[in-house]
Amino acid sequence: MEIERCLNDGSLVISPFEGSCLNGAGYDLRLGGDLAMSPGVHKLVATLERVEIGEALVGTLYLRSTLARSGIIASLALVDPGFRGQLTVSLFNAGSNQFSMAKNDRFLQMVLHSLGIKTHRPYMGKYQDSQGIVDTRQ
């Protein structure tokens, strides 16, 4: 699937978009704020980007290897067809050192997959149109 085509035809929106974050299989999402984590600490973080995933696309999130090599573990999920908003991700510092990143640093890769046809059940869940860090919604 060609990501640029999806961006151009509107089936994928990434805002703010940074061309240097685009790669062969996806897009590197950036951190929405500064982050400092001591060992053994869990934090929720948000992406800088707001994404809008078309109904014939699905995104898979992967932690960038630099974070994993520093002992950071992430709880990641699919970005469902039809989702709109900033993404909230759970990070845990399983390493033995303090870990920090600055706002705008790349920390996730979102790999995009074509479904072939539009889903009949686009995302309409409780996290639609999320802004910033969103805690658990009951």
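The phi-based Karplus calculation (6.51 cos²θ - 1.76 cosθ + 1.60; θ = phi - 60°) puts the 3J(HN,Hα) values of the range 27-38 at 9, 7, 7, 10, 6, x, x, 4, 9, 9, 9, 6 Hz, whole numbers, x for Gly and Pro.
What is the order of Thr47, Thr60, fewest Cβ neighbours within 10 Å to most?
Numbers: Thr47 23, Thr60 15.
Final ranking by Cβ density, sparse to dense: Thr60, Thr47.
Measuring r between the beta carbons of Lys126 and Ile73 and using R0 = 25 Å, the FRET efficiency lands at 0.50.
Can you tell me the FRET efficiency between Val134 and Ser96 if r is taken as the Cβ-Cβ distance and R0 is 35 Å, rounded to the nearest 0.05? According to the calculation, E is roughly 0.70.
Starting with the fewest neighbours, write out Asp28, Asp129 ranked by other beta-carbon atoms found within 10 Å of each beta-carbon.
The order, fewest Cβ neighbours first, is Asp129, Asp28.
Cα centroid distance between the range 60-138 and the range 22-57, in Å? Rounded to whole Å, the Cα centres lie 5 Å apart.
Between Thr60 and His113, the contour length at 0.36 nm per residue exceeds the alpha carbon distance by 18.3 nm.
Taken over the alpha carbons of the range 32-73 as equal point scatterers, the Debye sum produces base-10 log I(q)/I(0) values at 0.18, 0.30 Å⁻¹ of -0.72, -1.25. Which order results if His42, His120 are arranged by neighbouring Cβ count within 10 Å, fewest first? With the fewest neighbours first, His42, His120 line up as His120, His42.
Only the coordinates and a few stated rules stand behind these numbers; no lab work does. Bear in mind the structure is a predicted one, so any value in this text is a computation, not a measurement. Don't worry about glycine lacking a Cβ; one is built from the backbone with ideal geometry, like all the others, and counts go over all protein chains shown.
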